[in-house]
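Everything on this sheet refers to the single structure shown next.
The values are calculated or read from the model by the stated rules, or taken from the named source; none is laboratory data. The shown structure was predicted, so the numbers you read here are calculated from the model rather than taken from an experiment. Heads up, the Cβs are rebuilt from the backbone with ideal geometry, glycines too, and the neighbour counts pull from every protein chain shown. Keep in mind that these areas ignore ligands, DNA and RNA; they rest on the heavy atoms of the full protein, side chains included. Shrake-Rupley method; radii C 1.70, N 1.55, O 1.52, S 1.80 Å.
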Amino acid sequence: MTVTVSLGKGFIVPNFSDYSLEDASTALEGLQIQAKGIYTENFPYGQLVSQSIEAGKVLSAKDDLTIKVLYSLGRPYMKDLRGTMVEGGLQKYFHDEFQSKGVNVHYVIRQVDSDQPKGTVVGMSHFSEYIPLNLTVSIDISLGNLGSAPTSFPNNAGGADNGENQEKPSE
């Protein structure tokens, strides 16, 4: 006597290029979809880069039902961190913004004389631009040793912001 036990209905792996990064994880109930965005130089934003199991393959309950899907975030962009970031936040920023998204972007710190508060980013070798997937950015950190700084950021003329530099409504 032969007994055949059904493994249940099979799962047909979808073509994830038909889904967005946000929608991929709900593509098919029963599959565990691990969707992630990575920076690329050759794929436009939102395009499917790869999926770990080819589209159309039928999986059963005995198979590994985990599918890894990568979508392009486009090219990486380096924001201007001058005056808005302190040294203690750089590790998290570079990890979250670049390394965790497949980019080999690192930084080196140089301590510089400045009137800005100690630990403030006051200079960068690259900012406000698209950057390659492999790059080291030089970041200047204020020693805070040149007297007191105005409370406004660099490039804002006029000294301390005591309300005098605010826009006035039209009359």
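Give a quick list of GluC sites (Glu not before Pro) in the range 39-118 that DSSP marks as loop, anything other than H, G, I, E or B, with at most 14 other Cβ atoms within 10 Å. Before the final figure, lay out the partial values.
Values: sites: Glu41, Glu54, Glu87, Glu97; in loops: Glu41, Glu54.
When the GluC sites (Glu not before Pro) of the range 39-118 are filtered for loop state and at most 14 Cβ neighbours within 10 Å, Glu41, Glu54 remain.
Simple spin-label model, 7 Å along Cα-to-Cβ: Asn42 to Lys57 in nm?
2.2 nm
Under the 0.36 nm per residue contour assumption, what length would be gained going from the current alpha-carbon distance of Gln111 and Asp23 to full extension? Intermediate values should be presented prior to the final figure.
On the way: separation 88, 0.36 × 88 = 31.68 nm, distance 4.46 nm.
Residue separation times 0.36 nm, minus the Cα-Cα distance, leaves 27.2 nm.
Rounding to the nearest 20 debye, state how big the charge dipole of the range 77-142 is about its Cα centre with +1 on each Lys and Arg Cβ and -1 on each Asp and Glu Cβ.
Working: 6 positive and 8 negative charges, 31 e Å.
Taking the Cα centre of the range 77-142 as origin, the dipole is about 160 debye.
At 1.4 Å probe size, with the rest of the protein present, what percent of the exposed accessible area of the range 8-51 is carbon and sulfur atoms? Mind dumping the intermediate values first?
Working: 1330 of 2790 Å².
Roughly 48 percent, rounded to a whole number.
Based on the Cβ-Cβ distance from Leu135 to Ser50, what FRET efficiency comes out when R0 is 35 Å, to the nearest 0.05? Spell out each step's value before the answer.
On the way: r = 23 Å, r/R0 = 0.67.
It comes to 0.90.
Only bridges with both residues in the range 77-142 count here: give the DSSP antiparallel percent, nearest 5. Write down the numbers at each step before the final one.
Numbers: 6 of 15 bridges.
Beta bridges within the range 77-142, antiparallel portion: roughly 40 percent.
Rounded to the nearest 0.05, what FRET efficiency do Thr84 and Asp64 have when you use their Cβ-Cβ distance and R0 = 35 Å? Don't skip to the answer; put the middle values down first.
Working: r = 44 Å, r/R0 = 1.26.
The computed FRET efficiency comes out at 0.20.
At q = 0.09, 0.15, 0.18 Å⁻¹, what log₁₀ I(q)/I(0) does a Debye calculation on the Cα points of the range 1-124 give, no solvent, two decimals?
Once normalised to I(0) and log-transformed, intensities are -0.44, -0.79, -0.95.
Given that compact globular proteins tend to follow 2.2 N^0.38 Å, what is the ratio of the alpha-carbon Rg of the range 77-142 to that value? Please list the in-between numbers first.
Details: Rg = 11.4 Å, N = 66, 2.2 N^0.38 = 10.8 Å.
Rounded to two decimals, the normalised Rg is 1.06.
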